[in-house]
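Asker: Quick one: this structure, given as C-alpha cells, is what I'll be asking you about.
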Amino acid sequence: MGDLTERQKLILALVIRDYIETAQPVGSVRLVEQYGLDVSSATVRNEMMTLTELGYLRQPHTSAGRVPTEEGFRYFVRQLMGHTELPDPTKRTITHQFYQAGADIDRWMRLAASVLAHQSQAASLVTAPHPEKAIFKHLELISTHGRQVLMVLVLVGGEVSQQMLSLAEPVSQEQLSMVAQSINNVCVGLDSDRIAALPTPTDALEKDIRKLILDGMRRTTGVLAGELYRDGLAHVLMEPEFGESDAARRALRILEERSLLEDLLTRTVLASEMGGVQVLIGGEGAWEELRDCSMVLARYGAPGLATGTLGVLGPMRMAYGRTISTVRFVADLLSDLVEDMLTQ
C-alpha cells in the first residue's frame, strides 16, 4: 500500500460513495459527469488503474468499472471519512423516544435495536447491561420435594438466578439453611475469583453448592449473559450482495450463534474503551462469516457497574458515516441512562 495523492484520495472517496449508493461498478466517465470533475475521464481512468494496482479498487469484469476492496473501504473509514455526526433534529427525536420509555431497561434495549436498524438500514444487535463482575449478596436453599432443592442466588445489583438441584440423598430444610448461612457468612460481597480462593469447605454439600454458585456467577459476567435484542434482519436480506442464500446465511450466522458472537465481542468491543466505536470490515481476516460484511460496534454503560454492547451488521457497502455516528450516539445516550439509573 502506497501513499495516495490528493486526487487519488478524492477519486477513491467518490468511487466508494457512488458504489454505496448504487451497488454497481463505477466507471471513469460516470465519475467525471456525476461529480463534475475538472479532469478528463482518461486521467480518472489512469488514477483508478493505479488505485487498483495499490489494492484499493478491483475490476469485477474486464469491461466493467471498479468497486472498492476491503482495503479500499478501510482506507476510506480511517483516512478519508472524518468525524461524522447525526443531524441535530434526528438526535432530538431519538433522545425524546428514550426518555418517553421511562426507566425500563427492556424498553430501552428494544428501542435501541429499532433505532439502530432504522437509521443504518441494516441489522442491529444490543446486549442488555450486565455487571462487569458479579458480586455475591445472598443464597437461599429451599427443600421442595424429596431430593429436589431450589437454589436462589442473589447478586449485588438485584440480579436473581434460580436453579433446581437434585441431591444424592434427601436433606432436611434445617441442614439446607445451615449450609446456606455458612456460605452467606463467608461469601457476601465477594466476586467469583475471591470466592474460588476461599478454603475448601469440609462439608461435601457445601462444597458442591459453592461450585454451583461459582458457575452461576461466571455465566453472569459473560458478555452475552443477558438477553440479546435484534432488529432489521430484513434490511440485510434485501441487499443485492445477499441475494445468494449462502452469503446471507453466513452473514446472519454471526447474530444467531451466541458462541460466535461472544467470541467476536470479547475480542473486539470488550478490549476497547467506553465510547469508542469499532469498525470490522470483511471480518478482518478473523471471522469467515463476516467476509461479505461490515460491523460497527460500541460498548455502553457505567464502567465498574454494568455495561453492554450494541452495533450494526450490514454489507461492506454500508453508509459508514451515518452508521458510525448512529452507533456512537445511541451508545452515549444509553450510557447516560444506565449510569443515572444505577447511581440514583
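Asker: At 222 nm, what helix-only mean residue ellipticity would the chain give, in deg cm²/dmol to the nearest 500, using -39500 (n - 2.57) for each DSSP H run of four or more? Present the calculation step by step, with values, prior to reporting the outcome.
Answerer: Working: 13 runs with 162 residues, N = 344.
Taken over the chain, the calculation gives -15000 deg cm²/dmol.
Asker: Length gain on complete extension for the stretch E85 to E227, per 0.36 nm per residue less the alpha carbon to alpha carbon distance? Intermediate results must be reported in sequence, preceding the final value.
Answerer: Values: separation 142, 0.36 × 142 = 51.12 nm, distance 2.92 nm.
Length difference between fully extended and current span is 48.2 nm.
Asker: Using a Förster distance of 51 angstrom, determine the FRET efficiency expected from the C-beta separation of S63 and A103, and round it to 0.05.
Answerer: Working: r = 60 Å, r/R0 = 1.17.
In this case the efficiency is close to 0.30.
Asker: Starting from the Cα gyration tensor of the stretch 6-80, take the square roots of the eigenvalues, sort them a ≥ b ≥ c, and report rounded, prolate or oblate (rounded when a/c is under 1.5, otherwise prolate if a/b is larger than b/c, else oblate). Walk me through the numbers before you get to the answer.
Answerer: Values: a/c = 1.32, a/b = 1.18, b/c = 1.12.
Rounded, because the longest to shortest axis ratio a/c is under 1.5.
Asker: Also: Say the dipole of the stretch 22-128 comes from +1 at the beta carbon of Lys and Arg and -1 at that of Asp and Glu; which of V115, S40, F76 then lies farthest toward its positive end?
Answerer: Going by the Cα projections, it comes out as V115.
Asker: Still on this model: Report, in debye and to the nearest 20, how large the dipole of the stretch 136-220 comes out about its Cα centre when Lys and Arg carry +1 and Asp and Glu carry -1 on their Cβ.
Answerer: Values: 8 positive and 10 negative charges, 36 e Å.
In debye, rounded to 20, the stretch 136-220 gives about 180.
Asker: Another question, then. Find which of L265, I105, I183 sits farthest along the positive direction of the dipole of the chain, computed with +1 on the beta-carbon of Lys and Arg, -1 on that of Asp and Glu, about the Cα centre.
Answerer: Selected residue: L265.
Asker: How do 250-263, 19-32 rank on mean C-beta neighbours within 10 Å, highest first? The partial results should precede the final answer.
Answerer: Working: 250-263: 16.4, 19-32: 18.0.
My ranking of the peptides, most packed first, is 19-32, 250-263.
Asker: Rounded to the nearest 20 Debye, what is the dipole magnitude of the chain about its Cα centre when Lys and Arg each give +1 and Asp and Glu each give -1 at the C-beta? Provide the component values of the computation, followed by the final result.
Answerer: Working: 33 positive and 44 negative charges, 57 e Å.
Around 280 debye, computed over the chain.
Asker: Report the charge-dipole magnitude of the stretch 244-344 in Debye, nearest 20, computed about the Cα centre from +1 at each Lys and Arg Cβ and -1 at each Asp and Glu Cβ. Please report the intermediate quantities before stating the final value.
Answerer: Details: 10 positive and 15 negative charges, 45 e Å.
So the dipole magnitude of the stretch 244-344 works out to roughly 220 debye.
Asker: Starting from 0.36 nm per residue, how many nanometres of slack lie between K207 and D340 once their C-alpha separation is accounted for? Walk me through the numbers on the way to the answer.
Answerer: Working: separation 133, 0.36 × 133 = 47.88 nm, distance 3.88 nm.
Separation in residues times 0.36 nm, less the Cα-Cα distance, equals 44.0 nm.
Asker: Less than 19 Å apart at the alpha-carbon level, and either on another chain or at least 8 residues along: which lysines does that give for K207?
Answerer: Result set, ordered by chain and number: K137.
Asker: Would you work out the relative contact order for the chain, in percent, from Cα pairs under 8 angstrom that are 6 or more residues apart? Walk me through the intermediate numbers first.
Answerer: Working: 546 pairs, mean separation 63.7, N = 344.
Normalised by residue count, the contact order of the chain is 19 percent.
Asker: How far, in nm, would the chain grow between R110 and A168 when pulled straight, counting 0.36 nm per residue and subtracting the alpha carbon separation?
Answerer: Details: separation 58, 0.36 × 58 = 20.88 nm, distance 4.30 nm.
Between R110 and A168, full extension yields an extra 16.6 nm.
Asker: A further question follows. Stokes-Einstein diffusion coefficient for the chain at 4 °C in a medium of 1.567 mPa s, Rh from the Kirkwood formula over Cα pairs: what value in µm²/s? The partial results should precede the final answer.
Answerer: Details: Rh = 23.1 Å.
Value of D from the Cα-based Kirkwood radius: 56 µm²/s.
Asker: Between R267 and R7, what is the spin-label point distance in nm, taking each point 7 Å from the Cα along the Cα→C-beta axis?
Answerer: About 4.2 nm, to one decimal.
Asker: Now a separate question. Cut-off under 20 Å on the C-alpha distance; same-chain residues fewer than 8 positions from K133 excluded. Which lysines are left, in chain and number order?
Answerer: Reachable lysines: K211.
Every number in this text was worked out from the coordinates using simple rules, so none of it is lab data. Just so we're clear, the structure is a prediction, and the values are computed from it rather than from any experiment. We place every Cβ from the backbone using ideal geometry, glycine too, and count neighbours over all the protein chains shown.
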